[in-house]
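Asks: So that we are looking at the same thing, I have put the structure below in structure tokens.
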Amino acid sequence: MNDKAPDDERFELAWGAWRQFFALRLDHPAPTQPEIDGRLIRYRRAHEALSLARFGAALALAAGIAQALSITAGSVPRITTASEVLVLAFSGLLLVALAHLAFQHARAALEHRTLAQRIDVEPLETQRLETLFADVRDPDVREYVQDVLAQGRALRKAEAAVALDRGRGARGLDDDSRAAFSHEVRNRRGVRGREIAIAAACLLVALAARTPDIDGATFLPGMFLLGAATLIDLPRTVIQLAVDPWQLAGGGPACRRLRLQLLTDLLPQLAVFLVVVVTATALGAPAA
């Protein structure tokens, strides 16, 4: 199927924005003013969506950690066997790892938000343009700037930043194809190894809880942590569908195909979360 069909203009514009501002590629001839402004809008919205997704992941992890700590505080006095101490120790290690991950997501959310606030369609002054590119000798960069000037339009600030990065030796991503863009929007290819590991951990917990020397409730803090870990990618997938930062809704076949892939990406995440919930419910039932 030809992704350059007229009804796939939305996909082409989104891919062009990602290719220029994330993969650091310069088109020849340079995009026109309406096209570059459309790319910049998507660039800003993409960072806003990433900020929301990262914040959502950090919030899910923080909620899981808080609940795990609450349950642990009540279960510690009931620990009587070495096996239960070992389970609690593993839960503690998992808690530390997820706390570090939550901090990373929170910091990344702030970085994306700060960057998004600086992205606009404001043009660069001509005098400033001459100063910035005076020492740039990269032929691709020079050609790009000349293409922009030949159109009789001003270079946008974010557009100039990419050209300067290229002029200073940055080369961006090796793969800037349409498939690479789709993969970046999805942020996954099918079921993640982490999700398989969590489902396997639930099976092991269900088996271990049947042994007489371990109280099933001892696993509950770890189960809350695993449940939070299954939600790390979910906010990003949901936001890509609901907020639609790349403005793919209403596009042609390539847009519809990508949005359908995002919908299917929800299934393994929700399925693994359901496995965790069922396992945790089964563990807590005897104590009820």
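The values are calculated or read from the model by the stated rules, or taken from the named source; none is laboratory data. Please read these numbers as outputs of a predicted model, since none were measured by experiment. Neighbour counts are summed over all protein chains in view; Cβ atoms, including those assigned to glycine, are modelled from backbone coordinates with ideal geometry. Surface areas here come from the heavy atoms of the whole protein model, side chains and all, with no ligands, DNA or RNA. Shrake-Rupley method; radii C 1.70, N 1.55, O 1.52, S 1.80 Å.
Asks: Can you spot a residue in region 5-19 that is closer than 25 Å to VAL238 by Cα and surrounded by fewer than 17 Cβ atoms within 10 Å (Cβ to Cβ)?
Replies: So far as region 5-19 goes, yes, one or more of its residues are closer than 25 Å to VAL238 by Cα and surrounded by fewer than 17 Cβ atoms within 10 Å (Cβ to Cβ).
Asks: Can ARG113 be described as touching a residue at least 60 places away in the same chain (Cβ under 8 Å), farther than 24 Å from LEU220 by Cβ, under 21 Å from the mean Cα position of the chain (by Cα) and open to solvent by 90 Å² or more (accessible area, probe 1.4 Å)?
Replies: Yes, satisfied.
Asks: For VAL272, are the conditions met, namely being open to solvent by less than 60 Å² (accessible area, probe 1.4 Å), part of a helix (DSSP H, G or I) and touching a Phe, Trp or Tyr at 6+ places or on another chain (Cβ under 6 Å)?
Replies: It is false that VAL272 is open to solvent by less than 60 Å² (accessible area, probe 1.4 Å), part of a helix (DSSP H, G or I) and touching a Phe, Trp or Tyr at 6+ places or on another chain (Cβ under 6 Å).
Asks: Here's another thing I want to ask about it. Between ARG107, ARG189, ARG194, ARG128, which is in a loop (DSSP other than H, G, I, E, B), open to solvent by 60 Å² or more (accessible area, probe 1.4 Å) and not hydrophobic (A, V, I, L, M, F, W, C)?
Replies: Unique residue meeting the criteria: ARG189.
Asks: Restricting to region 73-89, give me the number of residues that are surrounded by 13 or more Cβ atoms within 10 Å (Cβ to Cβ) and either modelled with pLDDT of 90 or more or charged (D, E, K, R) (or both).
Replies: Number of matching residues: 1.
Asks: Right, another one. Can you pull out the residues in region 198-235 that are open to solvent by less than 40 Å² (accessible area, probe 1.4 Å) and not hydrophobic (A, V, I, L, M, F, W, C)?
Replies: Within region 198-235, GLY216, THR218, PRO221, GLY222, GLY227, THR230, ASP233, PRO235 qualify.
Asks: Oh, and also: In region 116-137, what residues are in contact with a Lys or Arg (Cβ under 6 Å, 6 or more places away or on another chain), closer than 19 Å to ALA170 by Cβ and without any contact (Cβ under 8 Å) to a residue 60 or more places away in the chain?
Replies: If the condition is that a residue be in contact with a Lys or Arg (Cβ under 6 Å, 6 or more places away or on another chain), closer than 19 Å to ALA170 by Cβ and without any contact (Cβ under 8 Å) to a residue 60 or more places away in the chain, then LEU124 is the only one that fits.
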